[in-house]
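Reviewing the structure listed below.
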Amino acid sequence: MSSAPTANLFRLPGGLRLPGHKRVSATGALSGVAVPETLTVSLRQHAGTAAQPIVEPGDRVLHGQRIANAEGGFSAHLHAPSSGVVRAIEQRPVPGRANLSVPCIIIDTDGEDARIDDRHAIPNPFALGSRELLDAIGAAGIVGLGGAAFPTLAKLNQASEAGIDTLILNGVECEPFISCDDALMRNRAGEILYGARILMHALGLRQCFVGIESDKPEAWQAFNDAAAVDNNDKLTLVQIPTIYPSGGEDQLVYLLTGREVPSGGFPSDIGALVHNVGTAASVATLALSGMPLTSRIVTVTGDGVAAPGNFEVRFGTPISDLIEAAGGYTERANHLIMGGPMTGIPIEDDAMPVVQKCNCVLVTSRTITENASTEPERPCIRCGECARICPVRLQPQQMHRAFTIGDRDDLPRLGLRDCIECGCCDLVCPSHIPLTQTFRDAKAHQQLQNYERERASRARERYETRQQRDQHRETTEAERLADLKQKASRDAISEILARKKPKEPEQ
Amino acid sequence: MKLARAATPFLKPATGVGAMMREVCLALVPAAILYFLFFGFGILFNIAVCVLACAAFEALALMLRRQPVAVVLSDYSVCLTGVLIAFALPTYLPIYVTFTACAAAVLLGKHVYGGIGYNPFNPAMVGYVVALVSFPIAMSAWLPPGLGDLDYTMPTIGERLAYIFTGNWPAPLTAEAITRATPLDMVRTGLRASETFGEIGNSPMFGTFGGYGWEWVGNGILAGGAWLLYRGIIRWHIPVAVLFGMLAPATLDTLASSGTTPGPAFHLFSGATLLGAFFIATDPVSAATSPRGRLIFGFGIGFTAWAIRTWGGYPDGIAFAVLLWNAAVPLLDRYTAPRIMGHER
């Protein structure tokens, strides 16, 4: 193990030093939340394919029992977060950008939290082969706990096919207010390093970086202590400067290796695999106890809750239970956000369940920045401050102009799809233009346009095929008719000839 | 419990366009004070008249365009346009010329394009140039600085006001007797009469590095510009490039002519060089927006202004250079965009 000085890092273009607001939630101990009466487990936890339920209403399920199977390569299994009876499988609203209702398995818990007994620890994971380990990780329904709930098996498969050389554990957690990874790292640094070792073994890697943001001295210390015990000479702990958004996947890869993830590509395209520290901890839990992923640590914070802190929460727990565990709402509570203040998703109803990508529940008053200007939104003055701080070197001022003035065909050239929606540009815009939301809209618009273009081209293809077919049929028909005619005339001639032929004398 | 819904990010900026523009105006206070000390009340009168006239024209345009007047006026951009026109115009000027400049700046330079954010040309320079080509004599009639041992007594305040409001100097004063060529003009005429820069510079109209009095106004502008850079309201690319674009050829020229042509110090502290570099070319709306684009834009302005001063028909060329390069901005922006992370080098 070695600790790399921060100076070895590559410099990210742009980024912002934001007020952390981390102490609000990070200082207390990690506490649990009681098993709720009802768990609502969403079958659609990530951008991939929804899981397929394998239980039916009325079935009794045990904690850790498989309740839904992964569907296809980009999906993950789901397991019951506690014991009880399946009440229904029906559409329920879950937190998301579009606030849609998605199919959910609803479990009435029985309070026993009885565990399924067919789950066993893996005493020596290093004796297993790569395929066996990957399968075990897939079977445990492990997903990335950084914020996208990307199925870990899919990521590992992709990485092993692409051939990678570096594992990066992301303990940066750069977004203000969020401290769930910090809490995990302080409490379970040893488990995280054990998980890292298993992941490295599974992919045969010789290099692993653990990136920890410089504003987390306790986590840094915990890792150094744990690393002294773990004694893994392929592991390097790296302190990452506290500049938002250093914890973005592509950003962290660049900071540590100087390699740029190609536009539209993945870190595996440039030999890197990035996992959140929480994902490594899930792998360790699997090896140590055999238990699948059924819970996560969630930060509950903001001036809208009485006692902010970090909580170990079962998936499917209503957000209102979580708020209650954090002392309930204060008078200032006005907005509820899943995630942080920069990239989070607004939630209207606290009855919605905790999903796998829910790293933080932020409850705030109207505005978080005390000295925020109250000026209205104004036209862009092209000051270029947004371009100056953009961590992917986009020019938001040009993109915004292209989108609003209507030259939307220019957006791909300006790099719309490279936008990571970090929100930095909004923060420096003196005209108070909601740039990030504009780009989300523009992406959605582009997607819709692509979809329609594709549909149109498919329709055209169908039309052309039919036309070809019709034409083919017509020509063959014509040929057949001509043939028939020819044949008919030939037949007629021969008939006439035959008729003219003197008949054999009858006998 | 139901909660309010609003898009992230929730952290909001502390500054706004209004605060920025206000600070740019305030950054010109030191220069205005020095200007007042050397040249009399004209600058203060011009600032007041220009700001009020520009605001009035903007209010009119907004009403015609059915836009919220108070909201838009509170962005202070029209106030800055007024202040910049005041600095660009001769210190004492018939008031209808001042009004013409303000009307052209706000109406032709800004609102015909859709107001703040959409104007391709720098409004203050549009106003200045319209006045310059429409009233060439009034626009080149400058009073010399009133301090120092020049063989000159400033007209009285009453006489100056009379000129402003009637357009004629009260008898027995005449424009020929009252006004003086600016240092830039003297250099231009002198060089064309085959004098050397050294000979011209011996006139009491000249101070240590530039025109007497003017160089101190220049120092004030420089201080204001440094403040804006320190505060991050403007970025270094444009001012540095403008100054480089002007001073590099001036230096080469003066070296090649062994000092018979004006050197970099004179160019720096004369005419609108410093005002142009820090306050005019840096207008974000009409300037290039990418860092490389801004360097080319600034260099182009500096070089073009030097070329106009050296070979052109006008003693100063900042205004024309700015407008010319404003027109090149869309092209610059298109071809100087930075390489996006993850895109091919």
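Checked against the criteria, A:ASP491 counts as of a type outside the set (Ser, Thr, Tyr), surrounded by 11 or more Cβ atoms within 10 Å (Cβ to Cβ) and farther than 26 Å from A:ARG378 by Cα. Against the test of being exposed (fewer than 14 other Cβ atoms within 10 Å of the Cβ), in contact (Cβ under 8 Å) with a residue 40 or more places away in the chain and of a type in the set (Val, Ile, Thr), the options B:ILE238, B:ILE164, B:ILE233, B:ILE157 yield a single qualifying residue, B:ILE157. Inclusion of B:GLY40 among residues that are in contact (Cβ under 8 Å) with a residue 24 or more places away in the chain, surrounded by 16 or more Cβ atoms within 10 Å (Cβ to Cβ), out of contact with any His (no Cβ under 6 Å at 6 or more places or on another chain) and within 14 Å of another protein chain (Cβ to nearest Cβ) is not warranted. Looking across the range A:17-28, the residues that are in contact (Cβ under 8 Å) with a residue 24 or more places away in the chain, outside any helix (DSSP H, G or I) and out of contact with any Pro (no Cβ under 6 Å at 6 or more places or on another chain) come down to A:ARG17, A:PRO19, A:LYS22, A:GLY28.
Residues that are closer than 22 Å to B:ILE47 by Cβ and either touching a Cys at 6+ places or on another chain (Cβ under 7 Å) or polar (S, T, N, Q) (or both) within the range B:59-75 comprise just one, B:SER74. With respect to the conditions (1) over 24 Å from B:PRO90 (Cβ atoms); (2) part of a helix (DSSP H, G or I); (3) among the aliphatic types (A, V, I, L, M), B:ALA287 lacks only one, and its number is (2).
Go through the range A:296-313 residue by residue and tally those that are in contact with a Gly (Cβ under 9 Å, 6 or more places away or on another chain) and surrounded by 22 or more Cβ atoms within 10 Å (Cβ to Cβ).
Of the residues in the range A:296-313, 11 are in contact with a Gly (Cβ under 9 Å, 6 or more places away or on another chain) and surrounded by 22 or more Cβ atoms within 10 Å (Cβ to Cβ).
Checking B:ARG65, B:ARG22 one by one, the residue that is more than 16 Å from the chain's Cα centre (by Cα), within 14 Å of chain A (Cβ to nearest Cβ) and within 24 Å of B:PRO90 (Cα to Cα) is B:ARG22 and no other. Could you tell me which numbered condition A:ILE420 fails, if it satisfies all but one of (1) assigned to a loop (DSSP other than H, G, I, E, B); (2) within 7 Å of chain B (Cβ to nearest Cβ)? Against the list (1) assigned to a loop (DSSP other than H, G, I, E, B); (2) within 7 Å of chain B (Cβ to nearest Cβ), A:ILE420 comes up short only on (2). Remark: pairs (first residue in the range A:375-394, facing another protein chain (nearest Cβ under 7 Å) and within 12 Å of A:CYS429 (Cα to Cα); second residue of a type in the set (Asp, Glu) and buried (at least 24 other Cβ atoms within 10 Å of the Cβ); Cβ separation under 7 Å; 6+ apart in sequence or on different chains) = A:ARG378/B:ASP75. Among the conditions (1) within 12 Å of chain B (Cβ to nearest Cβ); (2) farther than 18 Å from B:PRO338 by Cβ, A:GLN397 misses just one, which is (2). Only strands (runs of 3 or more DSSP E) whose full extent lies in the range A:36-151 are considered here, and the ones with at least 1 residues that are farther than 30 Å from A:GLU348 by Cβ are A:66-69. Taken together, B:LEU108, B:LEU89, B:LEU28, B:LEU34 contain a single residue that is of a type outside the set (Gly, Ala, Ser) and over 30 Å from B:GLY207 (Cβ atoms), which is B:LEU108.
Just checking, does the range A:165-183 include any residue being surrounded by fewer than 24 Cβ atoms within 10 Å (Cβ to Cβ), under 30 Å from A:ASP303 (Cβ atoms) and under 19 Å from the mean Cα position of the chain (by Cα)? Taking every residue of the range A:165-183 in turn, none turns out to be surrounded by fewer than 24 Cβ atoms within 10 Å (Cβ to Cβ), under 30 Å from A:ASP303 (Cβ atoms) and under 19 Å from the mean Cα position of the chain (by Cα).
Restricting attention to the range A:326-340, the residues that are without any contact (Cβ under 8 Å) to a residue 60 or more places away in the chain, surrounded by 24 or more Cβ atoms within 10 Å (Cβ to Cβ) and more than 7 Å from chain B (Cβ to nearest Cβ) total 1.
Of the residues making up the range B:307-345, those that are among the aliphatic types (A, V, I, L, M), part of a helix (DSSP H, G or I) and within 21 Å of the chain's Cα centre (by Cα) are B:ALA307, B:ILE308, B:ILE318, B:ALA319, B:ALA321, B:VAL322, B:LEU323, B:LEU324, B:ALA327, B:VAL329. When the criteria are applied in full, A:SER25 fails the requirement of being over 21 Å from A:SER295 (Cα atoms), of a type in the set (Ser, Thr, Tyr) and in contact with a strand residue (DSSP E or B) (Cβ under 9 Å, 6 or more places away or on another chain). For beta carbons closer than 8 Å, sequence separation of 6+ or different chains, a first residue in the range A:408-420 that is aliphatic (A, V, I, L, M) and surrounded by 19 or more Cβ atoms within 10 Å (Cβ to Cβ) and a second that is at pLDDT 90 or above and in a loop (DSSP other than H, G, I, E, B), the qualifying pairs are A:LEU414/A:LEU394; A:LEU414/A:GLN395; A:LEU414/B:ALA337; A:ILE420/A:PRO245; A:ILE420/A:GLY248; A:ILE420/A:PRO391; A:ILE420/A:VAL392.
Within 14 Å of chain A (Cβ to nearest Cβ) and either within 28 Å of B:TYR163 (Cβ to Cβ) or modelled with pLDDT under 90 (or both): is that true of B:VAL49 in this structure? Against the criterion (within 14 Å of chain A (Cβ to nearest Cβ) and either within 28 Å of B:TYR163 (Cβ to Cβ) or modelled with pLDDT under 90 (or both)), B:VAL49 does not qualify. Just one residue in the set B:PRO145, B:PRO155 is closer than 11 Å to B:TYR92 by Cβ and at pLDDT below 85; that residue is B:PRO155. Sub-6 Å Cβ pairs linking a first residue in the range A:44-73 that is more than 14 Å from A:ALA139 (Cβ to Cβ) to a second residue that is surrounded by fewer than 21 Cβ atoms within 10 Å (Cβ to Cβ) and of a type in the set (Asp, Glu), at least 6 apart or interchain, are A:THR49/A:GLU71; A:GLN52/A:GLU71; A:HIS63/A:ASP113, ordered by first then second residue.
The range B:1-117 holds helices (runs of 4 or more DSSP H) entirely within its bounds, and those carrying 3 or more residues that are among the β-branched types (Val, Ile, Thr) and under 21 Å from A:PRO376 (Cα atoms) map to B:69-73.
When each of B:ALA31, B:ALA53, B:ALA27, B:ALA19 is tested for being surrounded by fewer than 20 Cβ atoms within 10 Å (Cβ to Cβ) and within 28 Å of B:VAL72 (Cβ to Cβ), the lone residue that passes is B:ALA19. Identify the residue in the range B:183-219 that is among the β-branched types (Val, Ile, Thr) and touching a helix residue (DSSP H, G or I) at 6+ places or on another chain (Cβ under 6 Å) and, among all such residues, is modelled with the highest pLDDT. My answer is B:VAL217. If the condition is being facing chain B (nearest Cβ under 10 Å), of a type outside the set (D, E, K, R) and out of contact with any Phe, Trp or Tyr (no Cβ under 7 Å at 6 or more places or on another chain), then the range A:343-364 contributes A:THR343, A:GLY344, A:ILE345, A:PRO346, A:ILE347, A:ALA351. Applying the condition of being within 14 Å of another protein chain (Cβ to nearest Cβ) and touching a Cys at 6+ places or on another chain (Cβ under 7 Å) to the range B:77-130 and asking which residue is surrounded by the fewest Cβ atoms within 10 Å (Cβ to Cβ) yields B:GLY117.
Selection over the range A:423-466 of residues that are assigned to a helix (DSSP H, G or I) and touching a Ser or Thr at 6+ places or on another chain (Cβ under 6 Å) gives a count of 1.
The values are calculated or read from the model by the stated rules, or taken from the named source; none is laboratory data. Predicted model, so just to flag it, every value in this text is computed and none were measured. All Cβ positions, glycine included, derive from the backbone under ideal geometry; neighbour counts span all protein chains shown.
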